[in-house]
Amino acid sequence: METFFQGDSNFTLILGSDILSPYFYLMLLAGLYLTLRLGFPQIRYLFLSLKILTGNMDFKSSKGQLVHSQAFFAGIGSSLLTGSVLGTGLAIAYGGIGVIFWIWVVSLFVMPLRLVSSTLAIKFRNQLPSGRYLSGPMYFIEKSLRAKWLAVAFSLGSIFTVLSFGGIFPFLSLTYIAKEGLNFRGMSGPIAIAVILLFIVVGGIRRVGRTASILAPLGIILFIIAYFSLFGEGLVAFFPYLKDVVSQAFSMKALEGGGVFGVLRAISVSLGVFFLSTETAVGKSSGVAGVVRTDYAAKQGLVSMLATFFEGFIMATLIGFVLYSFGAVTAESIFSFPARILESRESVPALVLFTSFMCFGILSLAGWFYTGEQNAFYIFGEKFANFFRILFISVIVLSAFVYNIYGSNVFLFAMKIGYTVAVIASIPLLVSLILLGKSANFELKKYISESGARYEIFKDIYLLFLTLLPKNLISKIFGYFSTLKLPRFMMIPLLKAFAKAYKINLNEAELEIQEYASLNQFFTRALRAEARIIDSASNAAVSPTDSKITSFGNINQSTIIQAKGIDYSVKELLGSEKYYSAFTNGKYITFYLSPQDYHRIHSPFGGQILGYYYEPGKLFPVNDLAVLNIRGLFPKNERLITFLQTEYGKVAVIKVGASNVGKIRVTYDDKIVTNNWIRFSKEHIYKDVSIMIDKGSEMGRFEMGSTVILVFENDTIELSPNVRLGEKIQYGTVIGQFKKKIVQLPVKA
């Protein structure tokens with residue numbers, strides 16, 4: 001096997017060990033120190049990080065401009081695909097296929113670098129009066145280390161890094177793909193790319209984030225399709241490949257004829273080029289992460305940490321697998337491998353592959369553009385930031401023009417300059433991360449201890465599965481089976497077993513157990529007429545369900561408490577803009593219906609049904625574990641909100657779907673059907689008809705257990721002492737007294 005380190009190689013070193021080795025050793029030192037300082041967060045909180053990335057813990061009332069996933073993809077748009085491909089190829093060219101194993105090992109230990117940099121970027125960010133956020137390593141270097149000169153030095157170095165490493169180099173890569181892979185001629189490709197880039201960046205970081213949420217998933221899907229379509233038939237067995245990777249990892253003494261220093265040089269340069277290609281410790285991802293909308297700085301830090309995991313463990317493995325399968329494990333064969341792909345440039349899989357690279361390449365340029373803009377603003381203010389914007393576009397277009405004249409030598413020169421400047425800019429950042437490890441550790445502990453996020457491993461796995469499982473499909477299937485009418489000799493024992501398991505009081509049921517033809521009929525059973533007494537006081541609101549009260553209280557502006565340390569927005573919950581303002585600063589009660597409970601829903605007071613809002617949503621379970629761990633659980637789930645106008649004010653009756661809830665049905669409109677295959681948000685106001693309902697009358701039913709939330713209009717009700725946290729309550733029991741009549745029914749909706 002011929003590598004860059006063997007004397008007969010026809011390739012010279014693109015980058016020497018004098019550049020890559022110091023970078024690698026400093027990066028590894030910082031990673032090891034932070035791993036120990038933070039207590040191996042890459043292992044302890046890996047599932048938590050994935051959960052935050054999926055959006056289950058987004059908190060829309062937090063300050064910021066992007067959600068976690070948008071910031072994640074915008075920050076690593078270039079490193080996740082293009083950086084990983086280039087970095088893996090160069091690493092193997094330098095050190096052979098065994099270097100993949102060391103990429104895995106080192107990736108594990110340097111994951112905290114992005115955690116710390118992104119956490120500090122959020123902690124020390126600035127917000128302008130316009131609402132714009134300023135963030136990046138220069139701010140936490142200045143504020144925490146009190147080293148303005150070092151922050152300015154980093155920003156200057158970062159600007160040069162952005163122009164070369166983040167601008168010219170990836171732009172020339174896209175120019176090459178557009179020219180050789182997509183048949184663009186002359187400057188048509190670079191100009192088209194520049195126009196698309198301008199469209200994205202003129203919309204600011206919000207548009208960058210929205211674009212990232214589209215281009216990144218699209219690019220990943222296209223890459224996976226192209227990967228198996230283009231290379232699938234030539235791939236060797238996967239496990240023998242892994243075995244060879246591990247075995248060759250420990251035979252790297254062959255490089256440079258053996259010797260400890262030779263091995264260290266081979267490893268440091270090979271790994272250095274991979275991690276530099278994937279932008280580790282160059283400051284880009286932390287700059288974008290600093291504008292994320294979050295309630296705790298460490299949340300985005302945990303998400304950012306996943307970038308190294310995906311790059312090192314997944315992308316490097318996949319790219320190495322292709323190169324190994326096609327025999328491209330030497331410097332010569334690796335550098336000729338793109339030509340092999342271009343031979344099939346007219347094929348659909350090749351076009352899909354090129355398109356995936358274009359998606360991530362454009363996203364990469366947008367992220368780097370924003371990073372440079374932040375650094376320019378930090379040094380000289382808005383005027384220089386405007387100058388930098390013009391400079392960035394001009395430089396990358398000019399570089400493409402020169403490339404079209406002089407060819408690949410321009411690309412190699414830009415690569416060497418870009419990597420060199422990136423190494424220089426990484427030094428102050430890595431030193432700062434080591435010095436500020438204590439501050440980041442404080443933020444991480446604060447998040448884990450204060451946010452209700454003390455997750456044990458089994459909880460993380462449980463909630464991750466809930467996120468990934470097709471919850472709506474499962475609920476449909478359960479709903480289907482619950483309506484099956486089995487033979488009596490099978491159904492009666494099944495119903496009795498169900499009743500016994502959940503300790504259901506059969507004496508209250510309207511029918512004898514043997515009269516129910518299906519599980520669904522039994523579950524949605526009516527009660528005997530005398531089973532419940534509806535309080536008759538004229539101003540008394542009553543419980544709509546048999547259930548347990550899981551939370552209640554005042555709405556703080558527009559925030560409702562879900563559980564200790566976890567809350568959500570009334571606006572998110574109601575969906576409707578029409579009635580939202582009426583419930584600001586109102587009161588709420590949350591009722592949880594277990595499988596044991598009677599599952600029909602009754603009107604809490606007499607009044608007029610104004611309309612409803614339906615939101616498809618997810619179907620997460622609403623048990624204690626989910627309530628305590630999934631932020632904004634109820635607004636995430638499928639729900640049907642009935643808006644009830646009483647003489648004393650408005651009441652929103654929110655019926656929240658959950659896992660295994662086949663459907664939510666209502667009595668006042670038989671056209672409403674939830675949990676369909678095709679579902680859209682819908683709001684309907686009853687303008688031409690006045691639908692009246694009495695207190696205690698049936699309003700709807702769940703076809704399995706779930707949650708009802710009552711939200712009362714501001715300053716209309718005093719909650720009753722009967723409302724106690726964790727207490728069971730029966731429908732018809734007083735939950736509050738309305739204060740005074742404010743309208744006469746019926747009203748015009």
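None of the figures in this text is laboratory data; all of them are computed from the coordinates on show. Please read all numbers here as calculations on a predicted model, not as lab measurements. Here the Cβ positions follow ideal geometry from the backbone for every residue, glycine too, while neighbour counts run over all protein chains shown.
Across region 386-393, in residue order, what do the Karplus-derived ³J(HN,Hα) couplings come to in whole Hz, using 6.51 cos²θ - 1.76 cosθ + 1.60 with θ = phi - 60° and x for Gly and Pro?
Each residue of region 386-393 in turn: 5, 5, 5, 4, 5, 4, 4, 5 Hz.
At 0.36 nm per residue, minus the direct Cα-Cα distance, what do Arg37 and Phe413 gain on full extension? Give it in nm, one decimal, please.
On the way: separation 376, 0.36 × 376 = 135.36 nm, distance 3.92 nm.
Taking 0.36 nm per residue and subtracting the Cα distance, the gain is 131.4 nm.
Please rank Met187, Met490, Met27, fewest neighbouring Cβ atoms within 10 Å first, as an exposure proxy. Mind dumping the intermediate values first?
Details: Met187 15, Met490 10, Met27 27.
Placing the least packed residue first, the sequence is Met490, Met187, Met27.
Can you compute the modelled spin-label distance between Phe401 and Glu577, with each label point 7 Å from Cα toward Cβ, in nm?
4.6 nm
What is the set of long-range amide H partners of Gly696 at a cut-off below 5 Å, with H atoms built 1.01 Å from backbone N?
Ser603, Phe605
For the pair Ser594 and Glu508, how long in nm is the line joining their label points, each one 7 Å along Cα→Cβ?
The two pseudo-label positions are separated by 1.3 nm.
Once the Cβ-Cβ distance between Phe442 and Arg207 is put in as r, and R0 is 41 Å, what FRET efficiency do you end up with, to the nearest 0.05? Walk me through the numbers before you get to the answer.
Values: r = 34 Å, r/R0 = 0.83.
Working from the Cβ atoms, E equals 0.75.
Once you put a point 7 Å from the Cα of Arg132 and another 7 Å from the Cα of Val236, both along the Cβ direction, what distance in nm separates them?
The modelled label-to-label distance comes out at 5.4 nm.
Explain nothing, just the number: dipole magnitude of region 17-449 about its Cα centre with +1 on each Lys and Arg Cβ and -1 on each Asp and Glu Cβ, in debye rounded to the nearest 20. Provide the component values of the computation, followed by the final result.
On the way: 31 positive and 16 negative charges, 310 e Å.
So the dipole magnitude of region 17-449 works out to roughly 1500 debye.
When the Karplus curve 6.51 cos²θ - 1.76 cosθ + 1.60 is applied with θ = phi - 60°, which whole-Hz ³J(HN,Hα) does each residue of region 206-222 get, with x for Gly and Pro?
Going residue by residue, I get 5, 5, 4, x, 5, 5, 4, 5, 9, 5, 5, x, 4, x, 5, 4, 5 Hz, with x marking Gly and Pro.
How high is the relative contact order of region 120-201, given as a whole-number percent (alpha carbon pairs under 8 Å, six or more residues apart)?
Values: 49 pairs, mean separation 12.0, N = 82.
That works out to 15 percent.
I'd like to compare 337-350, 167-180: which one has the highest average count of other Cβ atoms within 10 Å, and what's the full order after that?
167-180, 337-350
Amide H neighbours of Val292 under 5 Å, counting only residues 5+ apart in sequence or on other chains, H built in-plane at 1.01 Å?
Here the answer is Gln65, Leu66, since their amide H atoms fall under 5 Å of that of Val292.
Once you have the Cα-Cα distance between Asn714 and Ser394, take 0.36 nm times their residue separation minus that, and quote the gain in nm to one decimal. Provide the component values of the computation, followed by the final result.
Working: separation 320, 0.36 × 320 = 115.20 nm, distance 5.63 nm.
Stretched out fully, the Asn714 to Ser394 stretch lengthens by 109.6 nm.
Convert each backbone phi in region 295-301 into a coupling constant with the Karplus relation 6.51 cos²θ - 1.76 cosθ + 1.60 (shift: θ = phi - 60°), then list the ³J(HN,Hα) values in order as whole Hz, x for Gly and Pro.
8, 9, 4, 5, 4, 6, x
Rounded, prolate or oblate: which fits region 129-205 when a ≥ b ≥ c are the square roots of the eigenvalues of the alpha-carbon gyration tensor, with rounded for a/c under 1.5 and prolate only if a/b beats b/c?
Values: a/c = 4.71, a/b = 2.09, b/c = 2.26.
It is oblate, given that a/c is not under 1.5 and a/b is not larger than b/c.
Would you mind checking which residues have amide H under 5 Å from Ala541's amide H? H placed 1.01 Å from N; only 5 or more apart, or other chain.
Hits under the 5 Å cutoff: Ile735, Gly736, Gln737, Phe738.
Once you have the Cα-Cα distance between Met187 and Phe335, take 0.36 nm times their residue separation minus that, and quote the gain in nm to one decimal.
Details: separation 148, 0.36 × 148 = 53.28 nm, distance 2.50 nm.
Length difference between fully extended and current span is 50.8 nm.
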